[in-house]
1. Considering only the other residues whose Cβ falls under 9 Å of the Cβ of Tyr43, what net charge follows from Lys and Arg at +1 and Asp and Glu at -1?
2. Tabulate in residue order the Karplus-calculated ³J(HN,Hα) for the stretch 7-24, using 6.51 cos²θ - 1.76 cosθ + 1.60 with θ = phi - 60°, rounded to whole Hz; enter x for Gly and Pro.
3. Please label the shape of the stretch 36-87 as rounded, prolate or oblate, based on the square roots a ≥ b ≥ c of the eigenvalues of the alpha-carbon gyration tensor (a/c under 1.5 means rounded; beyond that, a/b larger than b/c means prolate, else oblate).
4. Please state the relative contact order of the stretch 2-112 as a whole percent: Cα pairs under 8 Å, 6+ residues apart?
5. Give me the mean projected area, in nm² to one decimal, of the convex hull enclosing the Cα positions of the stretch 1-86.
6. Quickly work out the Ile17-to-Phe57 label distance, labels modelled 7 Å from Cα along the C-beta direction, and quote it in nm with one decimal.
7. Which cross-chain or sequence-distant (5 or more) residues have an amide H under 5 Å from the amide H of Leu95, H modelled 1.01 Å from N in plane?
8. Can you work out the Karplus-derived ³J(HN,Hα) for every residue in the stretch 30-36? Use 6.51 cos²θ - 1.76 cosθ + 1.60 with θ = phi - 60°, whole Hz, and x for glycine or proline.
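Values quoted throughout were computed directly from the atomic coordinates according to the rules given, and no laboratory measurement underlies them. As the structure is a prediction and not an experimental result, all values here were calculated from the model. Using ideal geometry, Cβ is built from the backbone for each residue, glycine included, and neighbour counts are taken over all protein chains shown.
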Amino acid sequence: AKRWIFWLWWRACWFVITPLLLIAILIWSLVKFHRPEYAKILYPDWGVALGWCMIIFCIIWIPIMAVIKIIQAEGNIFQRIVNCCRPASNWGPYLERHRGERYKDMVDPKKETDHEIPTVSGSRKP
């Protein structure tokens, strides 16, 4: 069992320190941005724009999906955000025997039994 100070530190890192550091790094990168060059020749505007589009296309899905999940959730806005930040009730290792003490009471209604991975006939398990 971990002590309360560990969980306080964990939550502080997860909800405050890491997001602030990531935002600071993003802002610093945007402030210090300079056009890339190759052999003292600056990249053309279309090349810089293409690079930014590639970056934005990869990153934009995170806030889009967050907004979609919050809209689909039930309750007022605060309850929606809190529910979207919690793991699913059946979160944990897939096989029951791997759930251990921490996840022993979490049961997925879709899978009632522990499923084995089938083996090729004639082969033996170690």
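1. Net of charged neighbours comes to -1.
2. 5, 5, 5, 4, 5, 4, 5, 5, 9, 10, 5, 4, x, 5, 5, 5, 5, 5
3. Numbers: a/c = 6.00, a/b = 4.43, b/c = 1.36.
The shape class here is prolate.
4. Computed over the stretch 2-112, the figure is 10 percent.
5. Result: 9.3 nm².
6. Taking the two extended label points, one gets 3.7 nm.
7. Here nothing satisfies the definition.
8. 5, 5, 8, 5, 9, 4, x
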